[in-house]
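K.L.:
Below is a structure I'd like to ask you about.
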Amino acid sequence: MNIRRVTGLCTAVIIAAALCACDSSGEAPTTPGLEARGTVLTTVKPTRQDLSNKISLSGSVTINPVFGIVAPADGELRYLDKKPGTAPAPKPRWVATVYDDNGDPRKVMIPKDSILAGRLMDDRSDVTKGMPIVSAKHAGYGITAEIDSAQAYRISGAVTDVRAQIKNGPGPFSCTALGTIAALPAGTIPEPPPTTPPTPGTGSSGAPVAPPVSDTSNTGSSGSEATGMRLVCVPTSSVKLINGASVTLEVVTAKASKAMVLPVEAVAGVQGKGKVDIVGKDQQRKTVDVVLGLSDGKVVQIKSGLKGDETIAVPGPDLPTAAPVEGGPNGKGGAG
């Protein structure tokens with residue numbers, strides 16, 4: 001038989017077999033063992049556990065670290081007239097007052113064992129609650145850790161517990177946080193008022209000479225230095241510190257007891273509001289809004305939006321794409 005005829009016949013048989021493998025609709029049959037497209041394969045249920053938000057920082061032992069004290073309320077700031085002493089305060093020291101919107105005085109204190117380092121705002125300035133208004137200097141050893149902008153909002157105003165471990169040294173031990181983490185501008189120390197009122201004198205011509213005018217400005221020869229965002233904490237006196245030693249700080253910013261949690265993979269969103277997909281008995285997804293709380297990087301707290309007995313799909317829903325801005329490249333009037 002002609003070899004070309006045999007080859008052509010075999011090719012026709014193979015093509016026919018391939019065509020027969022398709023159904024009448026022209027689509028290949030599904031592979032046995034695989035679920036239909038869109039079927040939810042992985043699900044979880046909410047659980048409850050104690051949860052804390054922890055952040056690890058790298059720091060070092062320093063001498064006389066500077067930290068900031070914030071306004072206790074919205075209002076008008078007024079400093080005390082006298083210049084504070086240079087000795088560490090044996091107890092909390094009153095350095096300024098903020099008169100709130102009701103006119104009630106709110107004292108601004110620097111903590112024990114610290115010295116006023118500078119004024120960060122002008123006298124009689126309008127201030128808001130939480131704004132740094134004075135800087136203080138801790139007398140002696142402390143621990144400082146620089147903070148970048150990505151960590152600032154997780155730490156600011158929410159430090160509940162700090163533990164420290166000195167590299168190749170003592171630890172872990174508790175470390176009391178001082179002041180605020182906000183960056184501090186360069187502060188000033190006011191000149192001290194004259195101790196005795198000057199008396200008018202007479203010049204060589206017999207005309208009276210006016211008394212010298214004292215400088216009442218807030219500028220001084222020295223004050224606090226500008227800083228970046230940093231956490232300053234002080235351990236107990238029983239912990240031996242060496243200047244410059246490297247320290248790892250574990251900062252707890254919040255805690256929750258028996259919190260309802262889901263794996264982070266099941267939730268769309270990071271902080272505040274988020275979304276999850278509830279899986280029904282028919283295996284269909286229903287996206288619902290939830291309010292999120294703490295997260296340790298593995299699970300995230302569900303503060304509201306779920307009862308706790310739902311079946312949740314993993315991974316979570318995709319967040320919708322933002323609508324194009326009118327007049328922009330993809331909006332009305334744009335270039336398309």
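K.L.:
Determine which member of the set T180, T199 is modelled with pLDDT under 55 and out of contact with any Lys or Arg (no Cβ under 9 Å at 6 or more places or on another chain).
P.N.:
Among T180, T199, only T199 is modelled with pLDDT under 55 and out of contact with any Lys or Arg (no Cβ under 9 Å at 6 or more places or on another chain).
K.L.:
From P72, P46, which residue is at pLDDT 80 or above and within 23 Å of V314 (Cα to Cα)?
P.N.:
The unique qualifying residue is P46.
K.L.:
Any idea which of S224, S246 is surrounded by 10 or more Cβ atoms within 10 Å (Cβ to Cβ) and modelled with pLDDT of 95 or more?
P.N.:
Just a single option satisfies the conditions, and that option is S246.
K.L.:
Within segment 286-302, work out how many residues are surrounded by 16 or more Cβ atoms within 10 Å (Cβ to Cβ) and not hydroxyl-bearing (S, T, Y).
P.N.:
8
K.L.:
Oh, and also: Please give the number of the condition K307 fails out of (1) in contact with a strand residue (DSSP E or B) (Cβ under 6 Å, 6 or more places away or on another chain); (2) part of a loop (DSSP other than H, G, I, E, B).
P.N.:
(1)
K.L.:
Of the conditions (1) assigned to a loop (DSSP other than H, G, I, E, B); (2) within 25 Å of K240 (Cα to Cα), S58 clears all except one; give me its number.
P.N.:
In the conditions (1) assigned to a loop (DSSP other than H, G, I, E, B); (2) within 25 Å of K240 (Cα to Cα), S58 misses (1) alone.
K.L.:
Can you tell me which of (1) at pLDDT below 65; (2) touching a helix residue (DSSP H, G or I) at 6+ places or on another chain (Cβ under 6 Å) is the one G316 doesn't meet?
P.N.:
Condition not satisfied by G316: (1).
K.L.:
Whether any residue in segment 53-72 is among the small types (G, A, S), farther than 30 Å from G293 by Cβ and in contact with a Ser or Thr (Cβ under 8 Å, 6 or more places away or on another chain) is what I want to check.
P.N.:
yes
The values are calculated or read from the model by the stated rules, or taken from the named source; none is laboratory data. Because the structure is a prediction, the values reported are computed rather than measured. Neighbour counts are summed over all protein chains in view; Cβ atoms, including those assigned to glycine, are modelled from backbone coordinates with ideal geometry.
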